[in-house]
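The values are calculated or read from the model by the stated rules, or taken from the named source; none is laboratory data. Everything numeric in this text was worked out from a predicted model, so none of it was measured. Note that we place each Cβ from the backbone using ideal geometry, even for glycine, and neighbour counts take in every protein chain shown. When the accessible area is computed, the model is the full protein with side chains, heavy atoms only, and any ligands, DNA or RNA have been set aside. Shrake-Rupley method; radii C 1.70, N 1.55, O 1.52, S 1.80 Å.
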Amino acid sequence: YYAGAAEDLLPKFSGTAAAAVLDPPRRGCEPSLLKAVASLAPERIVYISCNPATLARDVGLLREHGYALARIEAVDMFPQTEHVETVCLLYHQKKDFIYVPYEPKDAEYLKNI
């Protein structure tokens, strides 16, 4: 268990990760954190954001590290306000990597809820 700011702790780790989930505050992620996440080379990154401007900036930085935006979904967590959470799926573009979209069997059912 490690306690501290992710931008301070994560650069100290080495190795790889299968996936990463980022849910930063409105100011977004520090560039050093995004670089540290990319150095762990997760195949997938899920990025949750409440600020479209910092989301665009951070996705741009992740693209520079070889990640591509695969899917983006707005989630209205705050009805009757202008605020919205955005969930993005990014995947690492490796030369031998083929992205195959996945839809659960009950996807049509979920769309009607």
For peptides 39-52, 72-85, 10-23, sequence by mean Cβ density within 10 Å, most packed first: 39-52, 10-23, 72-85
Approximate spin-label separation Val87-Ala70, in nm, with each point projected 7 Å along Cα-to-Cβ: 1.4
Per residue solvent-accessible surface (Å²) - segment 1-103, probe of 1.4 Å: 67
For q = 0.16 Å⁻¹, Debye-computed log10 I/I(0) when each Cα of segment 1-72 counts as one equal scatterer: -0.52
Cut-off 12 Å between beta-carbons: net charge of the residues surrounding Ala53, Lys and Arg +1, Asp and Glu -1: +2
